[in-house]
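First the structure, in the form of structure tokens, and then the observations on it.
The values are calculated or read from the model by the stated rules, or taken from the named source; none is laboratory data. All figures in this text were calculated on a predicted structure; none of them were measured in a lab. Because the Cβ atoms are built from the backbone with ideal geometry, glycine has one as well, and the counts that use them run over all protein chains shown. These area figures cover heavy atoms from the full protein model, side chains too; ligands, DNA and RNA do not enter into them. Shrake-Rupley method; radii C 1.70, N 1.55, O 1.52, S 1.80 Å.
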Amino acid sequence: MIKLIVTDMDGTFLNHRQEITEYNRSAIEYAQSKGAEFMIATGRNYTTIRPMLEQYHITCSCMLLNGAEFRDKAGNIVKKTPISYEKGKELIRLLECQGFYPEVMDSDGFYSIYSKEQAKLGMLGRMRCLHPQASEQELEALMVDSIFYQKLQYADSLEELQEQGIEISKIIVFHQDRKLIEETKEKIHQLGGLIASSSFPNNIEINDIHAQKGIALSEYVQEQGIEKEEVMVFGDGLNDYSLFTEFPNSFAPVNAMKEIKEIAETIIESNDEDGVGKTIFRCLK
């Protein structure tokens with residue numbers, strides 16, 4: 001019996017327009033009516049997830065920032081696993097040497113310690129991930145309208161963020177040079193205490209080593225008395241990798257990254273074909 005359904009958002013549960021379809025939404029309702037818990041597991045923070053939950057009238061728990069934060073159905077923070085400021089400073093120096101302008105993410109905000117023009121480069125990189133078919137002109141418009149850009153806050157230094165009580169839940173960078181991405185990931189891992197993953201081929205998401213979706217979810221199900229065989233997990237990116245190694249009932253949409261499809265138990269329809277929703281109905285019926 002399935003007691004818990006956990007899905008990534010971008011590239012998995014959301015279609016390419018960043019929407020939750022009515023079919024997928026109805027699958028959530030069906031699962032919950034059968035007594036299964038539904039949980040979102042995403043690299044996003046609550047600022048970008050909450051409007052979606054409200055828009056589509058979804059009530060569920062959330063694993064955010066790749067496992068660095070848990071929120072209950074009411075949106076209350078249950079647990080956080082941030083990067084220490086000491087390690088954060090070391091990481092920022094490395095990323096700057098590699099030519100990046102890192103963005104700091106916490107529960108409800110995005111923060112840059114660089115100029116607006118420098119921060120804009122990262123934001124455009126994010127838009128390329130979310131809208132790979134868009135032109136450069138379209139990316140500019142999408143960026144201006146995005147919650148990521150609208151909520152971005154600026155500080156003069158990492159020390160200023162620390163003084164404001166901002167925690168480093170995740171650091172994210174974007175670049176089109178995939179060779180540089182892979183080289184930088186290796187350098188990050190050499191620092192120790194950190195995990196560098198990717199939601200897309202051209203980004204790096206850095207968390208505390210314990211803030212991984214699979215590790216965080218394993219701890220959660222143990223606390224809830226749920227067996228791993230009673231969990232369904234869905235994902236498409238490398239930040240979902242630990243979910244697939246920890247939980248046997250793993251499903252990857254056909255549009256997922258190659259590394260994820262290689263370890264998935266089952267390949268399902270794409271995110272534009274309601275793959276998650278169809279799989280929920282198939283398995284629970």
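Quick notes on this structure:
- Sequence ranges 256-263, 187-194, ranked by mean other-Cβ count within 10 angstrom, highest first: 256-263, 187-194
- For the chain, size of Cβ-based charge dipole, Lys and Arg +1, Asp and Glu -1, in debye: 300 debye
- Pairwise centroid distance, computed over Cα atoms, of segment 247-277 with segment 50-88, Å: 23 Å
- Segment 77-121, accessible surface, carbon-and-sulfur percent (1.4 angstrom probe): 51 percent
- Of K3/K278; K170/K258; K116/K187; K34/K213; K3/K213, those spanning more than 20 Å from alpha-carbon to alpha-carbon: K170/K258; K116/K187; K34/K213
- What the phi angles of segment 98-112 give under the Karplus curve with 6.51, -1.76 and 1.60, with θ = phi - 60°, is a coupling list of 7, x, 9, 10, x, 10, 8, 10, 10, 3, 10, x, 10, 9, 10 Hz, glycine and proline written as x.
- Solvent-accessible area per residue for the chain (1.4 angstrom probe, square angstrom): 44 Å²
- Cα centroid separation, segment 6-48 to segment 151-205 (Å): 25 Å
- Helix 136-145 and the longest principal axis of the Cα set of the chain meet at an angle near 80°.
- Which of F110, A196, G237, positive extreme of dipole for the chain (C-beta unit charges): G237
- Computed from backbone phi with θ = phi - 60° and the Karplus coefficients 6.51, -1.76 and 1.60, the 3J(HN,Hα) list for segment 216-233 is 4, 6, 4, 5, 4, 5, 5, 5, 8, x, 9, 7, 4, 5, 9, 10, 10, 10 Hz; x is used for glycine and proline.
- Length-normalised contact order for the chain - Cα pairs under 8 Å, 6+ apart - percent: 23 percent
- Carbon/sulfur fraction of accessible area - segment 135-274, other protein chains in place, 1.4 Å, %: 45 percent
- Radius of gyration and Dmax over the Cα atoms of the chain, both given in Å: 18.0, 55
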